[in-house]
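Asks: Below is a structure I'd like to ask you about.
What follows is calculated from the coordinates using simple rules that are stated; it is not laboratory data. Just so you know, these numbers come straight off a predicted model, no measurement behind them. Ideal geometry is used to build each Cβ from the backbone, glycine not excepted, and the neighbour counts take in all protein chains shown.
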Amino acid sequence: MTNFVIKPAVRTENITYAVRDIVALANEVAKTGKEMLYLNIGDPNLFDWEPPKHLIEETYKAMLKNYNGYAPSSGIKEAVNAIEFEADRKGIKNVQDIFVTTGASEAIDICLTALVNNGENVLTPTPGYPLYTAIQSKLQTMENPYYLDENNGWQPDIEDIKSKINDKTRAIILINPNNPTGSNVLPETLKQIIDLAIEHNLVIFADEIYDKLLMDGKKHTSIASLNSEAPIVTFGGLSKNYMVPGFRIGWGIVSGNHSILKDYIEAINKLLRARLSANHPEQYGIAPSLLGDQSHLEIAKQKLTRRRNLTVEMMNAISGITCVEPEGAFYAFPRLHNVSNDAHFVSELIKETGVVVVPGSGFGQVPGTKHFRIVFLPPENVLEKAYLAIGNFFTKYVEKYEKVGAK
C-alpha cells in the first residue's frame, strides 16, 4: 500500500471548541493524581442537580410503549403543541413553524446552514458560545463579531453592531441569557436590535436556552415577543432549564411575516427531512416539562443565586481580577488584569492547582482584554476551595510570568 496522507476538508481547519478542548489537558493533569475541581462544562448532572421526576417518568413510559422508532421530522404532535403553548407564554405571536431537534445545537446548525452562503456573514456576539463560530467555520462564512459591553453589564453594543453590518450580512445572533457572561439583555436594547434587523433585512437568531434561569427576580424578555413581523428564530430546549443535557432535545420557533419567511422555512424543513428525526422517546418529555410542575426552577434559582453571590464576591476579592455580576444562566466571565495571555494562564492554573476553567479567548473577547469562564454549578464548598486556589495562583502567576517577562 502506498504511503499517503488523507487530507481533511479545509472547512474543519478553524473549528475549535474551547469548552471541550481544555479537557485534554485536564485529563493529563488528572493522571498525575492531583485533585481536580471542574468548573468548565455547564452540565448540571455532574453535580447536585437532577431533572424533574415527571420528565423522566414520561420519557421512560414512552420507551416502554416502544416509541423507539423514527419520529416525524419536525417532532411529535404532543411536543410541537407544547412548544407552541410555550411560545404563547413567552409572548411570541405570528408563529410560522416549530421543529424539534437533537438539542438546540442542531436547530442552530440547521438554521444557519439553510440561510448563509459561502462568503456571507452573521453578526455573532463576542463573548459568545463557541458553537456559533464553529458552525460558521464549517460553512466557510466570514467572521463578523459584535461586542458586548463589559462596562454596561455585558449588554450588546448597539453602535458596534451598526458598524459591522454590510451587504453580506444575513443575520444577527443573540444569546440571552448569555453564555459565557450570564447577562440578561434589556428590552430597550432588544428593540434596537429588532430595528436594525428590519432596516437591513436580517434574520434574528434568538438563543434563549437559559430563559427560565434568571436570578434576583429578574424577568426574561423574548425578543420575538416585541415584534410579530420581524423574521426571528427562537431556540430553546430541555438541557438547561430541565437539567437533561444528555437527552439532546431542543427546538426552534420561527415567527414573523409569512411572505418573507416561507422560502426559508421550506429550506429548513428540507434539512430536517434529510436527517430523519430527533430522538423519539425523549420528545415525550417535552410536554410534561413545559406544561407540568415547575417547582424545581425555584429551587434551582435559589441555589444558583447563592453560588453566583459566592463567585462574584470571591473573584472581586482577588486583586487583579474583576467580575461583572451575572443575572442568569450559571456562568461568570471574570476579567484578568495584568495578564497578557488568558490561554496560558488557564493552562498553568490547571497544571498547578487542578482547577479547570476555560480561557476567555475560547468565547471571544474585546481586543486587549483577557478573561476566563467559570461554571458555578458545583456546591459552595467546592467553589470556595477552587476560588481560594485561583486567588493564590493568580498572585504567583503575575509575579512569575508578567513582571519578569518569562513567557
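Asks: Just to confirm my numbers, what's the Cα centroid distance between the range 288-306 and the range 1-79 in Å?
Replies: About 23 Å separates the Cα centre of the range 288-306 from the one of the range 1-79.
Asks: Rounded to the nearest 20 debye, what is the charge dipole size of the chain about its Cα centre when +1 sits on each Lys and Arg Cβ and -1 on each Asp and Glu Cβ?
Replies: In total the dipole reaches around 780 debye.
Asks: Let me ask another. DSSP beta bridges in the chain, what fraction antiparallel, as a percent rounded to 5?
Replies: 55 percent
Asks: Here's a follow-up. Taking the alpha-carbon distance from Lys65 and a cut-off under 19 Å, which aspartates and glutamates remain once sequence neighbours fewer than 8 residues away in the same chain are dropped?
Replies: Glu57, Glu78, Glu282
Asks: Another question about this same structure. Dipole of the chain (Lys/Arg Cβ +1, Asp/Glu Cβ -1, origin at the Cα centre): which of Val324, Asn40, Thr353 lies farthest to the positive side?
Replies: Highest projection toward the positive end goes to Thr353.
Asks: With a 10 Å Cβ neighbour count serving as the proxy for reagent exposure, in which order, fewest first, do Glu150, Glu402 appear?
Replies: Going from sparsest to densest Cβ surroundings: Glu402, Glu150.
Asks: Under 12 Å from the Cβ of Thr101, count the other residues' Cβ atoms, weight Lys and Arg +1, Asp and Glu -1, and hand me the total.
Replies: Neighbourhood net charge equals -1.
Asks: Please list, or write none, the aspartates and glutamates whose alpha carbon is within less than 17 Å of the alpha carbon of Lys262, excluding same-chain residues fewer than 8 places away.
Replies: Asp97, Glu229
Asks: Here are some pairs, Lys138/Lys191; Lys219/Lys351; Lys53/Lys90; Lys7/Lys164; Lys31/Lys303; which of them have Cα atoms lying more than 28 Å apart in this structure?
Replies: Too far apart for the 28 Å limit: Lys138/Lys191; Lys219/Lys351; Lys7/Lys164; Lys31/Lys303.
Asks: Calculate how many DSSP beta bridges within the range 53-291 are antiparallel, expressed in % of all such bridges and rounded to the nearest 5.
Replies: Looking only at bridges with both residues in the range 53-291, the antiparallel portion is about 45 percent.
Asks: Putting +1 on Lys and Arg Cβ atoms and -1 on Asp and Glu Cβ atoms, find which of Met314, Gln302, Trp251 reaches farthest to the positive end of the dipole of the range 226-359.
Replies: Among Met314, Gln302, Trp251, the one farthest towards the positive end of the dipole of the range 226-359 is Trp251.
Asks: Another question, then. What ranking of Leu196, Leu115, Leu291 emerges when the number of other C-beta atoms within 10 Å of each C-beta is taken as an exposure proxy, fewest first?
Replies: Leu291, Leu196, Leu115
Asks: Also, I was wondering about something else. Could you name the aspartates and glutamates in cross-link range of Lys34, using Cα to Cα under 20 Å and dropping any fewer than eight places away on the same chain?
Replies: Qualifying aspartates and glutamates at Cα under 20 Å: Asp21, Glu348, Glu352, Glu384.
Asks: For the range 283-333, place one equal point scatterer on every Cα, skip the solvent, and apply the Debye formula. What is log10 of I(q)/I(0) at q = 0.19, 0.24, 0.25 Å⁻¹?
Replies: -0.69, -0.87, -0.91
Asks: Could you please rank Ile6, Ile232, placing first whichever residue has the fewest other Cβ atoms within 10 Å of its Cβ?
Replies: Neighbour counts put them in this order, fewest first: Ile6, Ile232.
Asks: For every helix of n ≥ 4 consecutive DSSP H residues, a contribution of -39,500 (n - 2.57) applies; sum these over the chain, divide by its total residues, and give [θ] at 222 nm rounded to the nearest 500 deg cm²/dmol.
Replies: Here the helix-only value at 222 nm equals -12000 deg cm²/dmol.
Asks: Would you compute, for the Cα atoms of the chain, the largest minus smallest coordinate along each principal axis and list the three values in descending order, in whole Å?
Replies: Between the extreme Cα coordinates on each principal axis of the chain lie 64, 62, 50 Å.
Asks: Further question on the same structure: For the chain, modelled as a Gaussian network with Cα springs under 10 Å, which listed residue fluctuates most, Thr369, Thr12, Thr113?
Replies: It is Thr12.
Asks: Quick one: putting +1 on the C-beta of Lys and Arg, -1 on the C-beta of Asp and Glu, what dipole do you get for the range 53-291 around its Cα centre, in Debye to the nearest 20?
Replies: 760 debye
Asks: Sticking with this one: Magnitude of the Cβ-charge dipole of the range 234-335, K/R +1 and D/E -1, about the Cα centre, nearest 20 debye?
Replies: The dipole of the range 234-335 has a size of about 240 debye.
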